[in-house]
Amino acid sequence: MNVDARVVAATADSLAPTPEIGRVGVIGAGQMGNGIAHVCSLAGLPVVMLDIRQEALDKALGVMGGNMDRQVKRGLITAEDKAAALARITTTTDYASFGDCDLVVEAATEKEDIKRAVFKTLLPHLSPRCMLASNTSSISITRLAAGTDRPEKFIGMHFMNPVPVMKLVEVIRGIATDEPTFQAIVGLAHKLGKQTSVSEDFPAFIVNRILVPMINEAVYALYEGVGTVGAIDLAMRLGANHPMGPLELADFIGLDTCLSIMQVLYEGLSDSKYRPCPLLVKYVEAGWLGRKTRRGFYDYTQDPPRPTR
């Protein structure tokens, strides 16, 4: 293709109509997946939520109901809004249920091989118009998109946790993502009541490129004996006005997720400053992943939680 042809193609792309998103699929019923389903259903969109385990889907519906109850108590939504939103959500373990979706958002574990396997299973069941988004917090959108049959309709849509509360969505275009897909996803984020920050497709994007190395440095400070868990978190809460200390935040995110992001940064940028702290690796190897396993830098079997170091 010569230069003039590329200009014509780009112009045609920018003038193409923005696809409408009337039905959303969500893959994964964990913390992020159920949060995405929650906000989409409250925005009036029918949602199909898939997980490989029915018990995970049942648990997710309970979590969403509890989270919506809190919104009702705070006057953010009505009881009728809650009932209508939950009625819009269909749960399934069958990928064929995504056949009439306009967008499917993948919110699986932050492991590239798992995400690739998910998309490989998903693709045969989609309509040609269906767009794909990954909620990845660090993995290359371009690389994930290249493994599908529609890289031009593939985009990163990184929600923050907890999704119903946090107002930001990072939008990440892959090298092949077309303008109509980008505009459709930005429009959807705004419909969900979110603000968007557009990131280039570099490892960990914007938020985690800055946040997770800070957490890793806090783990190094603990590892090297600079301070205790309590001292480090107190210092950052009161000294930097952070609402949550970095080690407490790591437990909230999940230490396995923090480690995965640091590994993506370290491997993707080949810079020693991103080397995961050996103590972080040790905690993950022990299965001490934070709140979800009730033990990380804090022991959540205690009330209040007590530092483990």
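The values are calculated or read from the model by the stated rules, or taken from the named source; none is laboratory data. Please read these numbers as outputs of a predicted model, since none were measured by experiment. Glycine gets a Cβ as well: all are built from the backbone with ideal geometry, and neighbour counts include every protein chain shown.
Observations
- Residue within region 300-309 that is in contact (Cβ under 8 Å) with a residue 12 or more places away in the chain, out of contact with any Lys or Arg (no Cβ under 6 Å at 6 or more places or on another chain) and surrounded by 21 or more Cβ atoms within 10 Å (Cβ to Cβ) present: no
- Within region 226-246, considering residues that are in contact (Cβ under 8 Å) with a residue 12 or more places away in the chain and out of contact with any strand residue (DSSP E or B) (no Cβ under 6 Å at 6 or more places or on another chain), the one surrounded by the fewest Cβ atoms within 10 Å (Cβ to Cβ): 228
Per-residue answers, yes or no, for (1) in contact (Cβ under 8 Å) with a residue 24 or more places away in the chain; (2) at positive phi; (3) touching a Leu at 6+ places or on another chain (Cβ under 8 Å); (4) not hydrophobic (A, V, I, L, M, F, W, C):
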| residue | (1), (2), (3), (4) |
| --- | --- |
| 212 | yes, no, yes, no |
| 248 | yes, no, no, yes |
| 255 | yes, no, yes, no |
| 265 | yes, no, no, no |
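- Residue list for region 163-186, filter: loosely packed, with under 15 Cβ neighbours inside 10 Å and not hydrophobic (A, V, I, L, M, F, W, C): 167
- Under the condition of being of a type outside the set (Lys, Arg), in contact (Cβ under 8 Å) with a residue 24 or more places away in the chain and surrounded by 12 or more Cβ atoms within 10 Å (Cβ to Cβ), the residues counted in region 268-295 number 12.
- Count - residues of region 274-302 that are basic (Lys, Arg) and closer than 20 Å to residue 139 by Cβ: 1
- So residue 281, is it closer than 24 Å to residue 114 by Cβ and part of a helix (DSSP H, G or I): yes
- Count - residues of region 266-290 that are among the basic types (Lys, Arg) and closer than 11 Å to residue 250 by Cβ: 0
- Qualifying residue in region 250-267 (condition: outside the structural domain of residue 171 (by TED's automatic domain parsing), surrounded by fewer than 21 Cβ atoms within 10 Å (Cβ to Cβ), in contact with a Phe, Trp or Tyr (Cβ under 8 Å, 6 or more places away or on another chain) and in a loop (DSSP other than H, G, I, E, B)): no
- The residues of region 71-108 that are free of Cβ contacts under 8 Å to residues at least 12 places away in the same chain and either closer than 27 Å to residue 141 by Cβ or surrounded by fewer than 13 Cβ atoms within 10 Å (Cβ to Cβ) (or both), listed by number, are 73, 74, 75, 76, 78, 79, 80, 83, 87.
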